[in-house]
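A short worksheet on the structure shown next.
Quick note: the coordinates plus some simple rules give every number you see, no bench work behind them. Just so you know, these numbers come straight off a predicted model, no measurement behind them. Methodologically, a virtual Cβ is constructed for each residue, glycine included, from the backbone with ideal geometry; neighbour enumeration extends over all protein chains shown.
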Amino acid sequence: MKNILILSLALVVNSYCYAQVEPINWEGKKCAVVLTYDDALNVHLDKVIPMLDSYKLKGTFYLIGSSPVLAGRMNEWRAAAKEGHELGNHSLVHPCDGTLPGRGFVTKENDLTRYSVARAINEIRVTNTLLKAIDGKSERTFAYPCGDLTIGDTVFYNLLKNDFVAARGVIPGYPQIKGIDLSNVNAFGQNNSTAAQMIFQVEEAEKAGSLIVFLFHGVGGEHSLNVSLEEHRKLLVYLKKREKDIWVAPMLDVAKYIKKQQGELKIAR
């Protein structure tokens with residue numbers, strides 16, 4: 001009996017010690033979720049932001065500097081920023097590589113293959129200036145239009161790393177903190193996705209102890225890449241119910257946290 005008590009006590013102590021040294025990766029939660037919305041659409045202001053606000057969740061909105069929805073509704077974007085939503089940089093005119101398959105929407109004016117690196121960098125920096133005039137903030141994240149990283153052989157973001165905390169890409173993945181590339185953060189693009197499919201992706205991130213970034217365009221319309229308002233709402237309901245285990249925050253906040261944690265991991269080595 002005495003041996004059993006000693007063994008039980010040892011197991012309790014070991015479990016306690018393990019709990020003490022186990023790394024807490026995501027603000028003490030099991031995974032992180034970032035909700036991102038591209039292209040500065042009316043539906044983002046009319047439907048998405050009110051829906052996020054109703055569940056007290058914050059999103060990241062990647063805005064195109066030349067968008068008429070940005071110019072015509074600037075005060076509403078400013079109000080969204082004051083409420084804690086992030087206004088991210090999605091370039092000035094959304095240039096994409098027009099030589100790739102399925103890029104019929106790319107015009108001569110916004111074909112990235114016709115750009116110089118200097119032009120791309122200047123337009124992105126101009127958009128940063130515009131966004132700062134709206135929200136007053138100096139720290140920001142970027143999202144690659146169409147996920148295109150290069151002009152010729154040049155990865156143009158390499159010349160912009162001091163301008164941004166991080167850049168979001170379009171390739172899906174479940175990276176843990178130490179494996180995240182802040183110059184090309186993984187993201188899951190959504191198109192006609194159901195809430196069940198999106199919740200499954202969150203559950204996979206939780207199992208992996210990772211970050212998951214959602215990439216939305218239309219929510220309830222206004223874009224060929226679209227998710228219904230109801231399916232989007234169901235996802236938010238799930239995230240709200242799981243808020244004790246899941247950290248939902250704007251890209252900027254999560255990227256700053258990742259950067260800090262990666263720095264601490266380097267020091268620990």
For the residues Ser67, Ser138, what sequence is obtained by ranking on other C-beta atoms within 10 Å, fewest first?
Ser138, Ser67
In the structure shown, do any of Lys82/Lys108; Lys161/Lys234; Lys47/Lys256; Lys30/Lys58; Lys30/Lys234; Lys108/Lys178 have a Cα-Cα gap over 30 Å, and if so which?
Lys82/Lys108; Lys161/Lys234; Lys108/Lys178
Among the trypsin sites (Lys or Arg not before Pro) within the stretch 127-158, which fall in a DSSP loop and have no more than 16 other Cβ atoms within 10 Å of their own Cβ?
Lys137
So how strong a dipole does the chain carry about its Cα centre when Lys and Arg Cβ are +1 and Asp and Glu Cβ are -1, to the nearest 20 debye?
760
In Å, what Kirkwood hydrodynamic radius results for the stretch 167-224 from the alpha-carbon pair distances?
12.1
Placed amide H near Asp38: partners under 5 Å, 5+ positions off or other chain:
Tyr62, Phe216, His217
Springs between alpha-carbon atoms under 10 Å, Gaussian network over the chain: tell me which of Ser66, Ser210, Ser224 tops the mean-square fluctuations.
Ser224
Provide Rg and Dmax in Å for the stretch 148-269, with only Cα atoms included in the calculation.
15.9, 49
Test of the criteria: in the stretch 156-240, which trypsin sites (Lys or Arg not before Pro) are in a DSSP loop and have at most 13 other Cβ atoms within 10 angstrom of their Cβ?
Lys161
May I ask you to derive the FRET efficiency for Glu139 and Leu229 from their Cβ-Cβ distance with R0 = 25 Å, giving the value to the nearest 0.05?
0.20
Among (i) 15.4; (ii) 13.3; (iii) 17.4, only one was calculated for this model; which label is it, if the read-out is mean projected area of the Cα convex hull in nm²?
(iii)
For Phe188, other-chain or 5+-apart residues with amide H closer than 5 Å (H placed, Pro excluded) are Val213, Phe214, Leu215
So what's the gap between the Cα centers of the stretch 122-198 and the stretch 243-268, to the nearest angstrom?
16
Exposed-loop-free span, longest in the chain, where GluC sites (Glu not before Pro) count as exposed if DSSP calls them loop and at most 16 other C-beta atoms lie within 10 Å
140-221
